[in-house]
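Student: Quick one: the structure is below, questions incoming.
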């Protein structure tokens, strides 16, 4: 670590409208706790992904990035290489600068799997993934690893996907894990929530929201009021952040 400290070690987050972001506060505190005075973590708020090229050209001393909504898939063409897992998932949330160029990783998988597993019970064999963005791909990857069947739910469904209006009592009854991968409910729009029939939620359900701010989203409150188990995305974010930290320092 002493060798790293001899020069500036800049890291950052790429996304859009990310002033609320967890990552900057998390890593700034981490650097303070570890006494890493030459480390910094910055937000790079990009209106379009095309601005990424200029960002790289004008900031040559950056060592790595995290990537968040809405660029986890759009960033891929700008990378030289992908870790096999990120390639299979089709989404990247961590970038490392290497001698061979920019390499993309996905640490969302690690974070989601580790934070989900303590909540799983025997009857949790089927899941609904609400949303089809980059984060949803990591969620689906984990369900494949855990042999949990799943369906995507989307406002603009592709083949074999469901619309929100498809969610009948029978479907909700069978799919006992519901994961919110949409931004609905994020601060400051805390009353927003996915348009699902919450009246069909029961005690056997597990509702997992990738959102962490607020701590208890409208989606989770609806589930909790009907006896369901709930979990927000904070632990997942902490785990994926630590995995990214390991990658940048390896």
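Student: Keeping to region 86-104, report how many residues are closer than 21 Å to residue 140 by Cα and more than 15 Å from the chain's Cα centre (by Cα).
Tutor: Number of matching residues: 2.
Student: Every residue in region 22-60 that is within 21 Å of residue 249 (Cβ to Cβ), touching a strand residue (DSSP E or B) at 6+ places or on another chain (Cβ under 8 Å) and in a loop (DSSP other than H, G, I, E, B), please.
Tutor: 36, 38, 59
Student: Of everything in region 221-244, what is in contact with a strand residue (DSSP E or B) (Cβ under 9 Å, 6 or more places away or on another chain) and under 24 Å from residue 66 (Cβ atoms)? Give them in sequence order.
Tutor: Initial filter on region 221-244 (in contact with a strand residue (DSSP E or B) (Cβ under 9 Å, 6 or more places away or on another chain)): 221-224, 228-233, 236, 240-241, 243-244.
231, 232, 233, 236, 240, 241, 243, 244, listed by residue number.
Student: Restricting attention to helices (runs of 4 or more DSSP H) lying wholly within region 105-223, give those where 2 or more residues are under 16 Å from the mean Cα position of the chain (by Cα).
Tutor: Numbers: elements: 108-116, 134-145, 169-174.
Ranges flagged: 108-116, 134-145.
Student: Also, I was wondering about something else. Assuming residue 85 fulfils every condition listed in (1) free of Cβ contacts under 8 Å to residues at least 60 places away in the same chain; (2) not assigned by TED's automatic domain parsing to the domain that holds residue 199; (3) not in a helix (DSSP H, G or I) apart from one, which condition is it?
Tutor: (3)
Student: Still on this structure, please answer the following. Would you check if residue 63 is in a loop (DSSP other than H, G, I, E, B) and either touching a helix residue (DSSP H, G or I) at 6+ places or on another chain (Cβ under 7 Å) or at pLDDT below 95 (or both)? Steps first, please.
Tutor: Details: in a loop (DSSP other than H, G, I, E, B): no; either touching a helix residue (DSSP H, G or I) at 6+ places or on another chain (Cβ under 7 Å) or at pLDDT below 95 (or both): yes.
Here the answer is no, as residue 63 does not meet what is asked.
The values are calculated or read from the model by the stated rules, or taken from the named source; none is laboratory data. This is a predicted model, so every value here is computed, not measured. FYI the Cβ positions are ideal-geometry reconstructions off the backbone, even for glycines, and counts take in every protein chain you see.
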